[in-house]
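Engineer: Submitted below is the structure of interest, expressed as structure tokens.
The values are calculated or read from the model by the stated rules, or taken from the named source; none is laboratory data. Quick caveat, the model's predicted, so the values are computed rather than measured. Here the Cβ positions follow ideal geometry from the backbone for every residue, glycine too, while neighbour counts run over all protein chains shown. Side chains included, ligands, DNA and RNA excluded: accessible areas come from the protein's heavy atoms. Shrake-Rupley method; radii C 1.70, N 1.55, O 1.52, S 1.80 Å.
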Amino acid sequence: MTRLSVLDARRDGAPVGAGYKVDISRGRHIGRVASEWFSRPDDERFLSLTALYEAVKGRADRATTCTVETRDIRVEARRDDPDTLSLIMPGRAARIDPTNWSFGQLCSLVGAPAGYLRHLPAPLSAINLQHGLQSHRGELVKTLEADEGRVELRAATGPDYGRIWDHELVAAVMNIAGDGTGDTRWKIPGMLDWSTMTHNPFVEVTRDSTTLYASDRDVFLFLVDDAHPIEAGRLPNGDPDLFFRGFYCVRRERCFH
């Protein structure tokens, strides 16, 4: 929470007509939201909860799961792209490309150093991972595959893994936050003008300012109620001492267990 001194706020609970003067020295810095904003590429940024939901729901609709024996998985370098690994599952003719995340999960399963194998030539990396899968004690693994033009292995988890889909989390948030763009109290935050230290709750949401993110294995949402501050007392000059509420939700694919 960041404590604020108000510039021009109405007291009847209606949204403010102007911004808030912010004293960041009195607040608490939470770096998690800033790190998400800094690290996300454009294709992982969404301008509304509706757009985010449609993206992750479509991804789930295109996904399939199956359970296989680890020793039956074949690992090869692709013939058409020798720098890329592919997997062949039992009873399947189509090759499956592991994502960076699922490759790490398979390496974790057999105790192989994923960071080291990623830097080896694909044929040599395939030989090492194949050896690990075949010499590892027989175990079942549940795969999550998605067809995005090329079939990808999105996750490799234990057979009893209970999945909470990203769109289920987003739908739950939409029950209280609507579209997340101001149609309810909970919304994507406004902008802080660092030159004047003034926070404006009402600005157009852009890919550079949004706080709704999703990749192929996670979803992250940060919403605030920055148009309806809560009065916590009085400042020395007599102005109301205000703060606003915020929350974030995150769901990440867990490693093999």
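Engineer: Spot the failing condition for His199; the list is (1) more than 23 Å from the chain's Cα centre (by Cα); (2) in a loop (DSSP other than H, G, I, E, B), and only one is missed.
Structural biologist: The single condition His199 does not satisfy is (2).
Engineer: Anything in the range 121-172 that is among the polar types (S, T, N, Q) and without any contact (Cβ under 8 Å) to a residue 60 or more places away in the chain? List them, or say none.
Structural biologist: Listed by number, the residues that qualify are Ser125, Asn128, Gln130, Ser135.
Engineer: Filter the range 71-100 down to residues that are part of a loop (DSSP other than H, G, I, E, B) and under 14 Å from Thr143 (Cβ atoms), then give me how many there are.
Structural biologist: Qualifying residue count for the region: 8.
Engineer: Also, quick follow-up: Please work out if Trp194 is out of contact with any Gly (no Cβ under 7 Å at 6 or more places or on another chain), touching a residue at least 12 places away in the same chain (Cβ under 8 Å), closer than 30 Å to Val224 by Cβ and among the aromatic types (Phe, Trp, Tyr).
Structural biologist: So Trp194 does not fit the description; no.
Engineer: How many residues are free of Cβ contacts under 8 Å to residues at least 12 places away in the same chain and open to solvent by less than 30 Å² (accessible area, probe 1.4 Å) when one looks only at the range 93-120?
Structural biologist: The number of residues fulfilling the criteria is 1.
Engineer: Return the residues of the range 200-244 that are among the charged types (D, E, K, R) and at pLDDT 85 or above; say none if nothing qualifies.
Structural biologist: Those that are among the charged types (D, E, K, R) and at pLDDT 85 or above: Glu204, Arg207, Asp208, Asp218, Asp225, Asp226.
Engineer: Please list, ordered by residue number, the strands (runs of 3 or more DSSP E) wholly in the range 138-193 having 1 or more residues that are more than 25 Å from Gly104 (Cβ to Cβ) and open to solvent by 20 Å² or more (accessible area, probe 1.4 Å).
Structural biologist: 191-193
Engineer: Among the listed residues Arg45, Arg40, Arg71, which satisfies the condition of being in contact (Cβ under 8 Å) with a residue 60 or more places away in the chain and in contact with a His (Cβ under 9 Å, 6 or more places away or on another chain)?
Structural biologist: Checking each option against the conditions leaves just Arg71.
Engineer: For Ala232, only one of the following conditions fails: (1) touching a residue at least 40 places away in the same chain (Cβ under 8 Å); (2) exposed (fewer than 14 other Cβ atoms within 10 Å of the Cβ); (3) within 30 Å of Leu133 (Cα to Cα). What is its number?
Structural biologist: Here Ala232 clears every test but (3).
Engineer: Further, regarding this structure: Scan the range 113-147 for residues that are over 26 Å from the mean Cα position of the chain (by Cα) and among the acidic types (Asp, Glu) and jot them down.
Structural biologist: Result: Glu139, single match.
Engineer: Could you look through the range 20-78, keep only residues that are among the basic types (Lys, Arg) and modelled with pLDDT under 90, and pick out the one that is most open to solvent (accessible area, probe 1.4 Å)?
Structural biologist: Arg28
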